[in-house]
Amino acid sequence: MKKIINDPADVVTESLRGLAAAHADILRVQEDPNVVVRADAPVAGKVAVISGGGSGHEPLHGGFVGLGMLDAAVPGAVFTSPTPDAVQAAISATTGEAGALLIVKNYTGDVLNFETAGELAAAEDLDVRSVVIDDDVAVADSTYTAGRRGVGGTVLLEKIAGAAAERGDSLDAVEALARKVIGQVRSIGVALTAPTVPHVGEPSFDLGADEIEFGIGIHGEPGRERIPAEPADALVARMVGAIVEDLPFGEGDRVLLFTNSMGATPLVELYLAHGIAERLLADRGIMVERRLVGPYITSLEMQGISLTLLKLDDELTELWDAPVNTAALRWKA
Amino acid sequence: MKKIINDPADVVTESLRGLAAAHADILRVQEDPNVVVRADAPVAGKVAVISGGGSGHEPLHGGFVGLGMLDAAVPGAVFTSPTPDAVQAAISATTGEAGALLIVKNYTGDVLNFETAGELAAAEDLDVRSVVIDDDVAVADSTYTAGRRGVGGTVLLEKIAGAAAERGDSLDAVEALARKVIGQVRSIGVALTAPTVPHVGEPSFDLGADEIEFGIGIHGEPGRERIPAEPADALVARMVGAIVEDLPFGEGDRVLLFTNSMGATPLVELYLAHGIAERLLADRGIMVERRLVGPYITSLEMQGISLTLLKLDDELTELWDAPVNTAALRWKA
Amino acid sequence: MGCTPEGVANALRGAAAVIAEHRAELIELDRAIGDGDHGENMNRGFQAVVAALDGAVPDTPGAVLKLAATTLISKVGGAAGPLYGTAFLRASTVVSNQPELGAAEVVAALRAGLEGVQARGKAVEGDKTMVDALLPAVAAAEKAGGADVAAVLAAAAEGAASGAQSTVDLVARKGRASYLGERSAGHLDPGARSTALLLEAFAKAAR
Amino acid sequence: MGCTPEGVANALRGAAAVIAEHRAELIELDRAIGDGDHGENMNRGFQAVVAALDGAVPDTPGAVLKLAATTLISKVGGAAGPLYGTAFLRASTVVSNQPELGAAEVVAALRAGLEGVQARGKAVEGDKTMVDALLPAVAAAEKAGGADVAAVLAAAAEGAASGAQSTVDLVARKGRASYLGERSAGHLDPGARSTALLLEAFAKAAR
Ligand SMILES: Nc1ncnc2c1ncn2[C@@H]1O[C@H](COP(=O)(O)OP(=O)(O)O)[C@@H](O)[C@H]1O
Ligand SMILES: Nc1ncnc2c1ncn2[C@@H]1O[C@H](COP(=O)(O)OP(=O)(O)O)[C@@H](O)[C@H]1O
Ligand SMILES: [Mg+2]
Ligand SMILES: [Mg+2]
Ligand SMILES: [Mg+2]
Ligand SMILES: [Mg+2]
């Protein structure tokens, strides 16, 4: 393993120091427990929107802290859910009368740790609610699994819930909107290579020279099946099919298409895949009205991509377009 | 080689289609020859700022086309300088009375091809000037080499020249400013792994499991030396030293620090390196007043980073802060 | 012979040593059907428990268990952190502030721990989780109930070991391994393995 | 026997076939001391030349060379594109619109090509570039000057081959390989190799 790190145990903390130095106008970092907080937090009268999870998915979540998106992010160790005390620290730093919404990706560890933090907050008479995002169509959603994982949809959810909170929506309204987004967003990912967790020192899984893991999670957890490598046209068609048929999305639907790099995919390939997805959706009469293309929810140095579709309406589109000023997403600000 | 592509010969064109689909509000793409042009080009009365080079360095240059930055980008085949007719097409699509500035990275192929295009433009009575950026301190600048390469400084140059053109500066002024930037920007890069060019199908070079190429170019061309892998603290100190001593930068200097990912470096490592660089510069009394952190000038799926320092003054800072609206850099717009 | 606060602390120190020793193995098991962090998470947590005990050993066994619980909750993260944390918390509650624990209290603590894990994680027998190690451990401890603490823990350790082994053939239905579906069969569950290691360490400390 | 337009076109077709055959070799040479695209660039360019000739073969040797030049300039890219493009352009200019080329014209065309490459790229002997193949090729062609076209090209090809071989020991001072400094020694220069391949193909066509 070659990495630009010092002691693997210090990776997250040292990285957060760099994040803080780079974006002092947007955010600040508290250490021990590690929390990334909006520079002007707590914002009086505003619902706090908080998310978090294992590190290694950057820019998620710390890169989305700032005006119009998250009030705080709680980074755990690499690929490890953060602990309740860290979530609690994020709540304390940001949450007032208006309460807070916790955006939790559906992984056992995240759910359990945020749950505990929520209970602790309730004990302090703070109005803290949670929503669990589970947009990954690769996983069968049944009692025989831990349920679907939270993946690409998380980014869109954080943007939209953040915009609603920023415009002054109540906690009830922000929560309702978040649940609406969760209900109409779907994703799927593929991996060409595996990530290497610093404290593990070797790739998280072994993939043959001509194999693709179809339905990968953001920790490199497998999903549906291993398939032989195939041309981009075929692969993207497979991905689009899996998402579209799941919700399902149909002719005339207005959507946001999010083409995400898992980390190490060259942008030239990412845009190539995006172009194919646009074409396939147009063929189905699905109208792509907004798009996001880039590495926004990653899995360290994993090569691969994910596609996310969110069904839009006027309100969601307006919230998507609203100003945002974070390290990783910025417009109209 | 596993890549999300169809025929390797079509990678650039297909990718440009995805770029165009994703950012129709910002840019449009002309094919055969391939050129990326600002959506509202030609902008009347404005100096056109044009750059280009081999593909595989995305978001450079196409991702920097838009308000406040480039009027056009000319993408060659992967890692191959574009041909003069493509540069000519970019000039035709964007250049009027006010003339154009071509930003050329110092590689033999880029210089020769842009030179030819410039001659063709002059024959059509267009006022087209070129500047050649050569900010890479890894290469000895002597008659015994092709001279220093253009690397990270290119991004800063495109932003600043673009802002000057956008505010209405004359070609003389934009050119003078570009030469000033070139005079006071320095970079160095390191690679942990090699990129794989689609039509080659195997990594561009072989690097041992514990080796780092110090002084890498953006095509994976080697620079100073191969060194054993070392902790981030030591590696970043080596990089900062190489840049600071070259110009040299000294106590009291105001600078922009650009910490760039070569493509596949996890953001958690990139910010970690950025934090170390900030600390080392502070130790030397060099004042970091602006920063840019992310994958902005890459080498396909190469793992590695580069550091770029630009000496700032009030004018450069103002131009850096000016609104920009491109696929990859966006603020105040 | 009952368990003193110092005895419980020693058992935890022994557990920390065993986890440290098996860190790489647990990582490898989790790499196969999870995300490869279980060994690191557990080791980070138990090293923190040792550090906390080095500060001062609380004066009842229950307080020692509670210190372990809060430390694990705030240091382990992942799924295992809240689950083991809850187990120790429930165990500490059930023994309240008794100065020493006899065999009956140890059995009750083990059962409370199991119930805590199930209350939090909703896993049942056969889901291929630490529950598959804990269930037979508690059953064996209850069967050995009349005996002394050492015998109870020895029985529990044996139950956990064979329970953990039984997870190899199972298809996971909880936790990260469940994403693998059928492909999860043929692998030992890392959490079940760490449960077996902990109980083995406790049994050894009690010998 | 002189070169007709069709003869020049055939020589270019032969060159395209040789480049296609050696595409991987040129890539490999460029991968070692450059960026690995030389084989792809040259192949893309010469395939385009063949396609252009398939459209219609211009009616003078000079016009054929000019068509090759403009095609290479607009299809090859990189350093080699403008350099080879300039070489063919200068060669076409020097033979102007003569209907057939004799040995003297071929020699003049070769020299003009070399001068074009040096004017554009500023490389001198020993810089480890295509110039190191072209210089001895032109020298040998001039020496064989009185002979017929086939003999001139055979001499040029031989000169280019040994010139290319001589680049192995050199340290590059121009082009991408110069970044390697001392490390560029021990490798054959890809551009010198492609020059040798082209001249060999031309010689074969003239036989
Ligand atoms: N719902 C659950 N109930 C009980 N145990 C569980 C549950 N989910 C996961 N586990 C246990 O947790 C172990 C994984 O722990 P760890 O790797 O530390 O967390 P994570 O899965 O978040 O990375 C699994 O091997 C399994 O034994
Ligand atoms: N200044 C120069 N003069 C003559 N030939 C050169 C010069 N620079 C490079 N070359 C030749 O070009 C070859 C490389 O061509 P190619 O790989 O197609 O372009 P690039 O280096 O832009 O990738 C080198 O092997 C060398 O022979
Ligand atoms: Mg984990
Ligand atoms: Mg090249
Ligand atoms: Mg795990
Ligand atoms: Mg090359």
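Can you tell which of A:Gly52, A:Gly18, A:Gly68 is crowded, with 24+ Cβ neighbours inside 10 Å and within 13 Å of chain B (Cβ to nearest Cβ)? Break it down into steps so the answer makes sense when it comes.
Details: A:Gly52 fails: within 13 Å of chain B (Cβ to nearest Cβ); A:Gly68 fails: within 13 Å of chain B (Cβ to nearest Cβ).
Matching residue, one of A:Gly52, A:Gly18, A:Gly68: A:Gly18.
The numbered conditions (1) in contact with a Lys or Arg (Cβ under 6 Å, 6 or more places away or on another chain); (2) more than 10 Å from chain C (Cβ to nearest Cβ) are all true for A:Thr193 except (1). Exactly one residue among D:Ala48, D:Ala56, D:Ala80, D:Ala103 is crowded, with 19+ Cβ neighbours inside 10 Å and either closer than 27 Å to D:Glu21 by Cα or touching a Cys at 6+ places or on another chain (Cβ under 6 Å) (or both), and that residue is D:Ala80. The listed residues are C:Leu110, C:Leu153, and the only one of them that is under 19 Å from C:Thr4 (Cα atoms), at pLDDT 95 or above, out of contact with any Phe, Trp or Tyr (no Cβ under 9 Å at 6 or more places or on another chain) and not small (Gly, Ala, Ser) turns out to be C:Leu110. Pull up the range A:99-122, narrow it to residues that are in contact with a Gly (Cβ under 6 Å, 6 or more places away or on another chain) and not in a strand (DSSP E or B), then point me to the one that is nearest to C:Arg44 (Cα to Cα). In this case the residue turns out to be A:Gly109.
Tell me whether the range D:39-50 contains one or more residues that are touching a helix residue (DSSP H, G or I) at 6+ places or on another chain (Cβ under 6 Å), within 16 Å of ligand 2 (Cβ to nearest atom), among the small types (Gly, Ala, Ser) and facing chain B (nearest Cβ under 9 Å). Yes: one or more hits. With respect to the conditions (1) under 16 Å from the mean Cα position of the chain (by Cα); (2) within 19 Å of A:Ser81 (Cβ to Cβ), C:Asp30 lacks only one, and its number is (1).
Does the range D:1-20 contain any residue that is among the hydrophobic types (A, V, I, L, M, F, W, C) and over 18 Å from the mean Cα position of the chain (by Cα)? There is at least one residue in the range D:1-20 that is among the hydrophobic types (A, V, I, L, M, F, W, C) and over 18 Å from the mean Cα position of the chain (by Cα). Looking only at residues in the range A:99-109 that are buried (at least 24 other Cβ atoms within 10 Å of the Cβ) and either under 20 Å from A:Met262 (Cα atoms) or in contact with a Pro (Cβ under 6 Å, 6 or more places away or on another chain) (or both), the one that is nearest to the other protein chains (Cβ to nearest Cβ) is A:Tyr107.
Has the range B:208-218 got any residue that is within 7 Å of another protein chain (Cβ to nearest Cβ), aromatic (Phe, Trp, Tyr) and crowded, with 21+ Cβ neighbours inside 10 Å? Scanning the range B:208-218, I find no residue that is within 7 Å of another protein chain (Cβ to nearest Cβ), aromatic (Phe, Trp, Tyr) and crowded, with 21+ Cβ neighbours inside 10 Å, so the answer is no. Of the residues making up the range C:14-42, those that are of a type in the set (Gly, Ala, Ser), touching a residue at least 24 places away in the same chain (Cβ under 8 Å) and within 12 Å of ligand 5 (Cβ to nearest atom) are C:Ala32, C:Gly34, C:Gly39. Among the criteria (1) touching a helix residue (DSSP H, G or I) at 6+ places or on another chain (Cβ under 6 Å); (2) in contact (Cβ under 8 Å) with a residue 60 or more places away in the chain, the one D:Ala123 does not fulfil is (2).
Any chance you could count how many residues in the range B:26-57 are over 29 Å from B:Ala173 (Cβ atoms), modelled with pLDDT of 95 or more and out of contact with any strand residue (DSSP E or B) (no Cβ under 7 Å at 6 or more places or on another chain)? Don't jump to the end; show me each part of the working.
Residues of the range B:26-57 that are over 29 Å from B:Ala173 (Cβ atoms), as a first pass: B:29, B:31-34, B:54-56.
From what is left, the residues that are modelled with pLDDT of 95 or more are B:29, B:31, B:33-34, B:54-56.
Among the residues that remain, those that are also out of contact with any strand residue (DSSP E or B) (no Cβ under 7 Å at 6 or more places or on another chain) are: B:31, B:33.
Of the residues in that region, 2 qualify.
Exactly one residue among A:Val139, A:Val132, A:Val151 is within 16 Å of ligand 1 (Cβ to nearest atom), closer than 30 Å to A:Ala264 by Cα, modelled with pLDDT of 95 or more and not in a strand (DSSP E or B), and that residue is A:Val151.
Restricting attention to the range A:79-98, the residues being of a type in the set (Val, Ile, Thr), part of a loop (DSSP other than H, G, I, E, B) and more than 14 Å from chain C (Cβ to nearest Cβ) number 1. Scan the range A:29-46 and give yes if some residue there is within 16 Å of ligand 1 (Cβ to nearest atom) and touching a Ser or Thr at 6+ places or on another chain (Cβ under 7 Å), otherwise no. The answer is no; no qualifying residue exists. If the condition is being within 18 Å of A:Leu156 (Cβ to Cβ) and either within 16 Å of ligand 5 (Cβ to nearest atom) or over 12 Å from the mean Cα position of the chain (by Cα) (or both), then the range A:51-68 contributes A:Gly53, A:His57, A:Val65, A:Gly66, A:Leu67, A:Gly68. Restricting attention to the range C:51-89, the residues that are of a type in the set (Lys, Arg), away from ligand 5 (no atom under 16 Å from the Cβ) and within 11 Å of another protein chain (Cβ to nearest Cβ) total 0. The criterion of being within 16 Å of ligand 6 (Cβ to nearest atom) and modelled with pLDDT under 95 does not hold for D:Ala24.
Taking the range B:17-35 as the range and being outside any loop (DSSP other than H, G, I, E, B) and of a type in the set (Gly, Ala, Ser) as the test, the residues that pass are B:Gly18, B:Ala20, B:Ala21, B:Ala22. State whether the residues of the range C:117-131 include one that is among the hydroxyl-bearing types (Ser, Thr, Tyr) and in contact with a Ser or Thr (Cβ under 9 Å, 6 or more places away or on another chain). So far as the range C:117-131 goes, yes, one or more of its residues are among the hydroxyl-bearing types (Ser, Thr, Tyr) and in contact with a Ser or Thr (Cβ under 9 Å, 6 or more places away or on another chain).
Contact map, the range C:166-194: first residue more than 12 Å from every other protein chain (Cβ to nearest Cβ) and without any contact (Cβ under 8 Å) to a residue 24 or more places away in the chain, second residue surrounded by fewer than 24 Cβ atoms within 10 Å (Cβ to Cβ) and of a type in the set (Val, Ile, Thr), Cβ cut-off under 6 Å, separation 6 or more or different chains; pairs are C:Ala185/C:Val171. Pairing each residue of the range B:76-96 that is farther than 13 Å from B:Val128 by Cβ with any residue that is hydroxyl-bearing (Ser, Thr, Tyr) and within 16 Å of ligand 6 (Cβ to nearest atom), provided the two are 6+ apart or on different chains, yields C-beta distances under 7 Å for B:Gly76/B:Ser55; B:Ala77/B:Ser55; B:Val78/B:Ser55; B:Ser81/B:Tyr107.
For (1) of a type in the set (Gly, Ala, Ser); (2) within 18 Å of A:Phe79 (Cα to Cα); (3) in contact with a strand residue (DSSP E or B) (Cβ under 7 Å, 6 or more places away or on another chain); (4) within 16 Å of ligand 3 (Cβ to nearest atom), each residue gets a yes or a no:
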{"residue": "C:Asp35", "(1), (2), (3), (4)": "no, yes, no, yes"}
{"residue": "C:Gly39", "(1), (2), (3), (4)": "yes, yes, no, yes"}
{"residue": "C:Val76", "(1), (2), (3), (4)": "no, yes, no, yes"}
{"residue": "C:Val95", "(1), (2), (3), (4)": "no, no, yes, no"}
{"residue": "C:Gln98", "(1), (2), (3), (4)": "no, no, no, no"}
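Could you tell me whether any residue of the range D:33-44 is closer than 22 Å to B:Gly56 by Cβ, surrounded by fewer than 24 Cβ atoms within 10 Å (Cβ to Cβ), touching a His at 6+ places or on another chain (Cβ under 6 Å) and at pLDDT below 95? No, there is no match, as no residue in the range D:33-44 is closer than 22 Å to B:Gly56 by Cβ, surrounded by fewer than 24 Cβ atoms within 10 Å (Cβ to Cβ), touching a His at 6+ places or on another chain (Cβ under 6 Å) and at pLDDT below 95.
If you scan the range C:151-207, which residues turn out to be basic (Lys, Arg) and either within 16 Å of ligand 4 (Cβ to nearest atom) or within 13 Å of the chain's Cα centre (by Cα) (or both)? I'd like the intermediate steps shown before the answer.
We begin by selecting, within the range C:151-207, every residue basic (Lys, Arg); these are C:173-174, C:176, C:183, C:193, C:204, C:207.
Selection gives C:Arg193 alone.
One residue stands out among those in the range A:30-49 that are over 19 Å from the mean Cα position of the chain (by Cα) and within 14 Å of another protein chain (Cβ to nearest Cβ): the one that is surrounded by the fewest Cβ atoms within 10 Å (Cβ to Cβ), which is A:Asp32.
The values are calculated or read from the model by the stated rules, or taken from the named source; none is laboratory data. All of these numbers come straight from a predicted model, not from anything done at the bench. Counting neighbours? That spans all protein chains shown, and the Cβs are built from the backbone with ideal geometry, glycine included.
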